[in-house]
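See below for the structure under consideration.
The values are calculated or read from the model by the stated rules, or taken from the named source; none is laboratory data. A quick note: this is a predicted structure, and the numbers were derived from the prediction, not measured. So basically every Cβ, Gly included, is an ideal-geometry build from the backbone, and we count neighbours across all protein chains shown.
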């Protein structure tokens, strides 16, 4: 079962791509576990291409959920897809003129948002509807008379992705500027982004959660 766990951790971004790639080359017996066809795709994967890595994660997820659904559901809870299909659109940084793809939600989306990492190269999807974490965070925010966008605080509570904090504002992945032009008029591709997780925040004691929210509200006010 160690193979299942390692693959799952990779899918959930709980280990880095670099660490997973190293593990693959140090674990030749994974070929027997996956089968020749899937193993060949794995060792041929360009781990530097995030779009291809995400597409392969979808394939691995489908394979695991087909072959080992009981193990995953028993170990990790309800069997849910750990990413969301999204459409990417053309964006351009006004600071350095870098052009890049930016995932956007429909104009009709409700209770949903996309988080972006502080270096601008990772994205997470989040839905607040029937979300226990949202209920906890919004309740704590009320104690500080926060009159800003709750999503800013909620994004700060999300788990870090490859050691990067998550936020809301679009960032240029080249210079990290927030000065970005984008719209939903020029689609570039369809893809998948991970669903945000909140394990670190939820593992805090209630008093620690309250302290974290208070600090985050204060810092967000200072940055306005």
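Could you list, in sequence order, the residues of the range 30-40 that are assigned to a helix (DSSP H, G or I) and within 17 Å of residue 59 (Cα to Cα)?
Here is the first cut: in the range 30-40, the residues assigned to a helix (DSSP H, G or I) are 30-34, 36-40.
Within the range 30-40, 30, 31, 33, 34, 36, 37, 38, 39, 40 qualify.
Going by the structure shown, is residue 198 surrounded by 18 or more Cβ atoms within 10 Å (Cβ to Cβ), within 22 Å of the chain's Cα centre (by Cα) and either more than 29 Å from residue 59 (Cβ to Cβ) or outside the structural domain of residue 120 (by TED's automatic domain parsing) (or both)?
No; evaluated as a whole, the condition is false for this residue.
Going by the conditions given, is residue 27 surrounded by fewer than 14 Cβ atoms within 10 Å (Cβ to Cβ), at negative phi and either in a loop (DSSP other than H, G, I, E, B) or modelled with pLDDT of 85 or more (or both)? Don't jump to the end; show me each part of the working.
Values: surrounded by fewer than 14 Cβ atoms within 10 Å (Cβ to Cβ): yes; at negative phi: yes; either in a loop (DSSP other than H, G, I, E, B) or modelled with pLDDT of 85 or more (or both): yes.
Judged against the criteria, residue 27 is a match.
Against the conditions (1) outside any helix (DSSP H, G or I); (2) more than 17 Å from residue 12 (Cβ to Cβ); (3) modelled with pLDDT of 85 or more, where does residue 211 fall short? Just the number, please.
(1)
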